Amino acid sequence: SDARLSDYERISVLGHGNGGTVYKARHRRSSQPLALKVFAAGDLSAAREAEILMLAADAPHVVRLHAVIPPASSPAAASAAVAGGEAPAALALELMPGGSLAGLLRQLGRPMGERPIAAVARQALLGLAALHALRVVHRDLKPSNLLVGAGGEVKIADFGAGKVLRRRLDPCASYVGTAAYMSPERFDPEAYSGDYDPYAADVWSLGVAILELYLGHFPLLPEGQRPDWAALMCAICFGEAPEPPAAASEEFRDFVARCLEKKAGQRASVAELLEHPFVAERDAAAAQQALAALVAEAEQGDGDL
Ligand code: ATP
Ligand code: MG
């Protein structure tokens, strides 16, 4: 496309990350609200993210890509683009008004209940099913990379660590993504892989993420402990898999246990989890309503500030 950065008016900052800065923006000509993810010059994760978002253009639980914005044609930007292999300068994305689940948790100031979490789990699984069918592994699933709409829709975002598996058993144990949500087999493939399944790593991360929503804090380390790399690796590889407290429902406890099976070969697949009673289809509408109510509550709280 011939989209340019100057076609967009930046309104506010939605988030900062390794990849760059995400702005709430407006397409000047059409007035359409958007999220504009602006990358550092030559950032190769921008090209990867654009490729995967185009591949997944029809997946309903993956954030929509509206436009890929190439580097500006100033001499400095052009040389950076060449050095970086023509990485795009920015991506115009569908704006998700509820922000990320990490932000929602922060705004609420308390853990989420099982109902809205079921809406997150079901929709994230549907997103993963579509991605995995396209041979895409996300590799960085976590609350800050799951976005919410005003109606409780959940979409997977941030493919800066994603990968398209060209060969069936493409090794995928490299340390990309956030260590905190990494599965045991990505640290130690020999001990935990079993029949190596690169897609199982995304299921582990989803399990950690939804347990975090339930507890209100990262579940693998004692609350408040700084998540340094060594402590995380120890907790993930040598510790017991974390589990929801006894007060949680049997369905939720079992669902999390099936995600956080330490051996990748024994972990539930996305297809199996979509059949799990915790995410039963007949409860999906009510669960999504419960999540929408939390989004409305968080927005209300923001207005009061
Ligand atoms: P990180 O390195 O922290 O994972 P990143 O630089 O790769 O982040 P993203 O994860 O894509 O960038 O976005 C960072 C944050 O910006 C998200 O956590 C979310 O809060 C916000 N954000 C991103 N995309 C959107 C969107 N389409 N709509 C609303 N908010 C968004
Ligand atoms: Mg992110």
>> Between ASN18 and ALA257, what's the calculated FRET efficiency when r is the beta-carbon distance and R0 is 22 Å? Round to 0.05.
In response: 0.10
> Normalised by the residues of the chain, what does the relative contact order come to in percent, with Cα pairs under 8 Å and at least six apart?
Replying inline: 18
> For the range 218-305, what are the per-bin percents of Cα-Cα distances with bins 10 Å wide, up to the bin holding the maximum?
Replying inline: 14, 29, 33, 22, 2
> Taking 0.36 nm per residue of separation and subtracting the Cα-Cα distance, what length does fully extending SER269 through GLU51 add?
Replying inline: 76.0 nm
>> I'd like the FRET efficiency for VAL164 and ASP302, computed as 1/(1 + (r/R0)^6) with the beta carbon distance as r and R0 of 41 Å, rounded to 0.05.
In response: 0.65
> Sorted from fewest to most neighbouring beta carbons within 10 Å, what does the list TRP229, TRP204 look like?
Replying inline: TRP229, TRP204
>> Over the Cα atoms of the chain, each weighted equally, I'd like the Debye log10 I(q)/I(0) at q = 0.13 Å⁻¹, rounded to two decimals.
In response: -0.94
> Within straight cross-link reach of LYS155, meaning Cα distance under 25 Å, which lysines are found once same-chain residues fewer than 8 apart are removed?
Replying inline: LYS24, LYS37, LYS142, LYS163
> Hey, rough spin-label estimate for ASP283 and MET233, points 7 angstrom out along Cα→Cβ, what's it come to in nanometres?
Replying inline: 3.9
> Using the 10 angstrom Cβ neighbour count as an exposure proxy, how do GLU212, GLU185, GLU281 rank, fewest first?
Replying inline: GLU281, GLU212, GLU185
> If you rank SER12, SER249 by fewest surrounding Cβ atoms within 10 Å, what's the result?
Replying inline: SER12, SER249
> How many angstrom separate the Cα center of the range 1-68 from the Cα center of the range 225-293?
Replying inline: 30
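Values quoted throughout were computed directly from the atomic coordinates according to the rules given, and no laboratory measurement underlies them. Keep in mind that this is a model prediction, so the values were computed, not measured. Here Cβ is always computed from backbone atoms with ideal geometry, including for glycine, and neighbour counts include all displayed protein chains.
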